[in-house]
Each structure stands twice: as C-alpha cells, then as structure tokens.
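S.K.: Could you have a look at this structure, given as structure tokens, before my questions?
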Amino acid sequence: MTSVRLAVLISGNGSNLQALIDAAANGTLHGEICVVVSNREQAFGLQRAQRANIPNHVLAHDEFESRAAFDQALLKLLDGYSPDLIALAGFMRVLGGEFVEHYAGRILNVHPSLLPRFPGLDTHARALRAGAREHGASIHFVTEELDAGPVVIQGRVAVRENDTEAQLAERVHEVEHRIYPAAVAWFAQGRLSCEDQRAWFDGQPLHQPKLL
Ligand code: GAR
C-alpha cells in the first residue's frame, strides 16, 4: 500500500483533522481522506471537511439506544467507504470490542499526554497538578482497553513555570498536528503496522515509541 484511504472520526474543533487534510493536500500524508464522521452535529470539524470537499456525516450517539447499536451503525457507515485506516481525531466516544475487532490493527488515536501517563480526560490540568516537567502527545493503535494500545510516536513539550492549562494545551496541539500525519504516512507506506497487540516499524517490533 502506498496510499491509504483514511476515515477520520471527530467530535469537536477538528484541528487534527485539519492537519491531516493539509498533509493530504501537500502529498505528505500518502493518502486521501475518504470520509469524516462526527458524533456531534455542532462539531466545527464538519465545516473543515465540507471546505475540503470531503464526504461527511453526523452520527449522533444520543439517538441510539445502546453503545453497541451506535458502534454497529458507525461500522456500517464506514464500511461503505472501504477505509484502509481509521483516525480518531478528538473523537470523544469509547469504541466497543466488536468495532475494534472489525478494524483490528487499523485504528489510530491521538491522545494529549505522554502515554502511559495520564490516560483519560483533563490531561493538561492533571499534568500541571502532578508537577510534570514534560508533557506531550501520543499516537497509538486502538485496542479494547482505553488509551492503552501500542504507542507509535510521541512528541514532547517542556512544561514551563506558570504555564496555564490553555498555554500547555496549545503547545501540545502543535505537536499533535505534526505527529499524526507522520504516523498515517508511515502506515500508508507500509512501514508501520500493528500485530499481536504490538506496533511494528520497518519489520521490527517497536520497543519504544518514535520521538518527534
Ligand atoms: C486533541 O487534543 C486530542 O488529543 C484530544 O482531543 C483534542 C481534539 O482536538 N483527544 C482526546 O482527548 C481523546 N481522549 P481537535 O478536535 O482540535 O483535533
């Protein structure tokens, strides 16, 4: 595979989606975004998709009677676009086992911390409270366990004295926008894969995440 069909799932602003759109446009993504799906109608990322002429859909999770029913509908919608890879880009829904199994080894997520530190929510505030000197972002393959799949690449930022949550978040975002397109490009070029719950890079198991 030298070019991926990428599906991007969002819930909000979509700045990571924008980074992927820009990388697709300038050729560095080695792929095209075939569809964008949001679980929230108001997500600004939908406008970014429209501006880039990318097919986009809203699948409102609160209109489904169960998590499994939502996952099933999402799976069906995505399958219609035959994606090679799914990128979660600020998608604030946990995907169930059946979904993850269906796309095993083909789902990436961006998480705003240096995993395994600070899985879950409010990562910037937690990093500040913990007195972390370093913070950052991770791209990882998605497995059934939340924020625990194999990490592919991380980007670090130094925590500055008197940093506010917003200042720190902004610098972490900049890092995310560089590492996400890089990870997708590696996947597209066949350099990156996930097998047996492990990330592989250039034919070798990846023992440590790549660093920006
Ligand atoms: C990003 O910082 C991403 O790491 C985070 O949501 C933000 C979305 O921003 N994701 C998570 O917290 C996933 N648990 P964006 O909509 O501007 O790309």
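Coordinate-derived values only; no laboratory data. Computed from a predicted model, the values in this text were never measured in an experiment. We place every Cβ from the backbone using ideal geometry, glycine too, and count neighbours over all the protein chains shown.
S.K.: Taking the stretch 74-126 as the search range and keeping residues that are under 21 Å from F64 (Cβ atoms) and of a type in the set (V, I, T), which one is nearest to the ligand (Cβ to nearest atom)?
M.R.: Among those residues, the one meeting the criterion is V94.
S.K.: Another one. Would you be able to tell me the number of residues in the stretch 168-209 that are touching a helix residue (DSSP H, G or I) at 6+ places or on another chain (Cβ under 8 Å), of a type in the set (D, E, K, R) and farther than 21 Å from G90 by Cα?
M.R.: 0
S.K.: A follow-up question, please. Out of the residues in the stretch 13-40 that are surrounded by fewer than 17 Cβ atoms within 10 Å (Cβ to Cβ) and farther than 20 Å from G80 by Cβ, state the one that is nearest to the ligand (Cβ to nearest atom).
M.R.: Applying the filter and picking the extreme gives N13.
S.K.: While we're here: D62: more than 16 Å from the ligand (Cβ to nearest atom), over 19 Å from K210 (Cβ atoms), in contact (Cβ under 8 Å) with a residue 12 or more places away in the chain and part of a helix (DSSP H, G or I), yes or no?
M.R.: no
S.K.: A further question follows. Scan the stretch 127-173 for residues that are of a type in the set (V, I, T) and either closer than 30 Å to E98 by Cβ or surrounded by fewer than 18 Cβ atoms within 10 Å (Cβ to Cβ) (or both) and jot them down.
M.R.: Answer for the stretch 127-173, where residues must be of a type in the set (V, I, T) and either closer than 30 Å to E98 by Cβ or surrounded by fewer than 18 Cβ atoms within 10 Å (Cβ to Cβ) (or both): I139, V142, T143, V151, V152, I153, T164.
S.K.: Here is a follow-up. Might you let me know whether the stretch 51-59 holds any residue that is surrounded by 15 or more Cβ atoms within 10 Å (Cβ to Cβ) and in contact with a Cys (Cβ under 9 Å, 6 or more places away or on another chain)?
M.R.: yes
S.K.: While we're looking at this one, here's another question. Just need a number here: residues in the stretch 29-49 that are touching a Gly at 6+ places or on another chain (Cβ under 9 Å) and in a loop (DSSP other than H, G, I, E, B).
M.R.: 4
S.K.: Here is a further query. Can you pull out the residues in the stretch 127-138 that are within 12 Å of the ligand (Cβ to nearest atom) and touching a helix residue (DSSP H, G or I) at 6+ places or on another chain (Cβ under 7 Å)?
M.R.: Across the stretch 127-138, the qualifying residues are H135, G136, A137.
S.K.: Collect the residues in the stretch 116-125 that are in contact with a Lys or Arg (Cβ under 9 Å, 6 or more places away or on another chain) and buried (at least 16 other Cβ atoms within 10 Å of the Cβ), keeping them in residue-number order.
M.R.: Hits for the stretch 116-125 are F118, T123.
S.K.: Identify all residues within the stretch 154-180 that are over 19 Å from L115 (Cβ atoms) and either within 11 Å of the ligand (Cβ to nearest atom) or not acidic (D, E) (or both); write none if there are none.
M.R.: Correct list: R160, N162, T164, A166, Q167, E170.
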